[in-house]
Amino acid sequence: MLDLLLEPLHYEFIQNALSIGILVGLLCPVVGTYLIVQRMALLGDVIAHCVLPGLSISFFLGIDILMGAFISGILGSVLIAWIKSQSKIKVDAAMALTFSSFFALGVILITVLKNKIDLDSFLFGDILAVTQSDIIRTLVVTLLILIMIKLFYKELLFYTFDKTGAQAIGLPVETMHLAFMTGVTLTIIVSMQSVGVILVISLMVGPALTAYLLVKELHQMIFLGSMIGAISSVSGVYLSYYHNLPSGPAIILVSSSLFLLTLLLSPSQGILTRRDFWNKAFKQSK
């Protein structure tokens with residue numbers, strides 16, 4: 001058993017993959033927790049699609065592609081807020097229009113600018129190709145976001161559950177919203193190489209939802225979700241090594257499997273642990 005755990009560690013690319021996987025696994029569920037309790041889980045998916053035009057333009061100009069992705073992602077979230085504030089259009093419709101438009105624009109820019117961007121890597125990630133600089137960048141972003149959440153936890157808690165009340169007592173709601181969108185965008189950007197833009201939302205939401213079924217307090221949900229995310233990342237890397245699977249999808253499948261198992265067996269909210277489930281099953285069997 002110990003040999004199975006230690007053998008992959010002889011390879012530097014596995015060490016790098018595990019390092020960035022743990023960081024992303026810790027960070028994504030933290031941000032995802034706030035998206036879930038604010039009923040904005042789809043926003044992460046929207047921003048993930050909105051980064052493509054920025055990637056294409058920055059690649060063409062020869063600058064850091066993550067900078068372009070960040071600007072593009074923020075513009076997408078600002079556009080959603082603007083459409084919502086200037087019309088009767090609901091936020092879900094504004095999200096659908098924005099992410100599809102940005103993604104289409106990104107694909108066109110890649111074609112017109114003749115960029116040689118690896119779309120497969122962009123969409124599904126390539127955690128086995130990360131470098132030390134990628135790990136350091138992810139570590140910096142992870143520490144920054146976690147420290148900010150720690151420092152402003154009470155304000156974020158109030159803002160998350162009662163935006164009107166937060167505004168009434170003088171909290172800078174608009175600034176907090178922009179800061180939150182920045183955190184979501186940074187999380188998606190540093191997670192792109194690990195699991196890709198299509199799967200990153202699953203890593204943000206999956207572990208957080210699993211924790212939601214097991215605990216009741218927000219801080220407990222954040223902590224447990226991070227642990228589940230890190231375990232999913234490590235398990236996914238090992239599965240990809242021993243079974244020759246794509247690493248990003250393997251991580252997400254582990255996370256989703258843990259959610260389904262919790263959905264069935266959670267002591268407080270599990271389907272199979274509810275008394276009414278067995279009562280109905282017993283009545284139907286008669």
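The values are calculated or read from the model by the stated rules, or taken from the named source; none is laboratory data. In this text the structure is predicted, and so the values were computed from the model without any measurement. When we count neighbours, we look across all protein chains shown, and the Cβ atoms used for this are built from the backbone with ideal geometry, even at glycine.
Between Gly25, Gly44, which is modelled with pLDDT of 90 or more and either under 21 Å from the mean Cα position of the chain (by Cα) or within 17 Å of Met192 (Cα to Cα) (or both)?
Values: Gly44 fails: modelled with pLDDT of 90 or more.
The conditions single out Gly25.
Can you spot a residue in the stretch 262-272 that is in contact with a Leu (Cβ under 9 Å, 6 or more places away or on another chain), surrounded by 12 or more Cβ atoms within 10 Å (Cβ to Cβ), within 27 Å of Leu9 (Cα to Cα) and at pLDDT 90 or above? No; the residues of the stretch 262-272 include none that is in contact with a Leu (Cβ under 9 Å, 6 or more places away or on another chain), surrounded by 12 or more Cβ atoms within 10 Å (Cβ to Cβ), within 27 Å of Leu9 (Cα to Cα) and at pLDDT 90 or above. When the stretch 1-17 is filtered for residues that are in a helix (DSSP H, G or I) and among the aromatic types (Phe, Trp, Tyr), only Phe13 remains.
Residue under question is Gly165, and the condition is that it be surrounded by fewer than 20 Cβ atoms within 10 Å (Cβ to Cβ), of a type outside the set (A, V, I, L, M) and not in a helix (DSSP H, G or I); does it hold? Step through it out loud before you land on a result.
Working: surrounded by fewer than 20 Cβ atoms within 10 Å (Cβ to Cβ): yes; of a type outside the set (A, V, I, L, M): yes; not in a helix (DSSP H, G or I): no.
Spelling it out, it is not the case that Gly165 is surrounded by fewer than 20 Cβ atoms within 10 Å (Cβ to Cβ), of a type outside the set (A, V, I, L, M) and not in a helix (DSSP H, G or I).
Mind listing just one residue for me: the one in the stretch 8-50 that is farther than 24 Å from Gln132 by Cβ and free of Cβ contacts under 8 Å to residues at least 40 places away in the same chain and, of those, surrounded by the fewest Cβ atoms within 10 Å (Cβ to Cβ)? Applying the filter and picking the extreme gives Arg39. Residues in the stretch 124-134 that are buried (at least 17 other Cβ atoms within 10 Å of the Cβ) and at negative phi were compared, and the one that is modelled with the lowest pLDDT is Phe124. Based on this model, can you work out whether Ser87 counts as over 18 Å from Ile228 (Cβ atoms), surrounded by fewer than 16 Cβ atoms within 10 Å (Cβ to Cβ), without any contact (Cβ under 8 Å) to a residue 60 or more places away in the chain and of a type in the set (Ser, Thr, Tyr)? Yes, satisfied.
If I ask for residues that are more than 22 Å from Ser58 (Cα to Cα) and within 22 Å of the chain's Cα centre (by Cα), which ones from the stretch 85-131 would you list? Talk me through it step by step, then tell me what you get.
Step one: of the stretch 85-131, the residues more than 22 Å from Ser58 (Cα to Cα) are 85-97, 128.
If the condition is that a residue be more than 22 Å from Ser58 (Cα to Cα) and within 22 Å of the chain's Cα centre (by Cα), then Val91, Asp92, Ala93, Ala94, Met95, Ala96, Leu97, Leu128 are the ones that fit.
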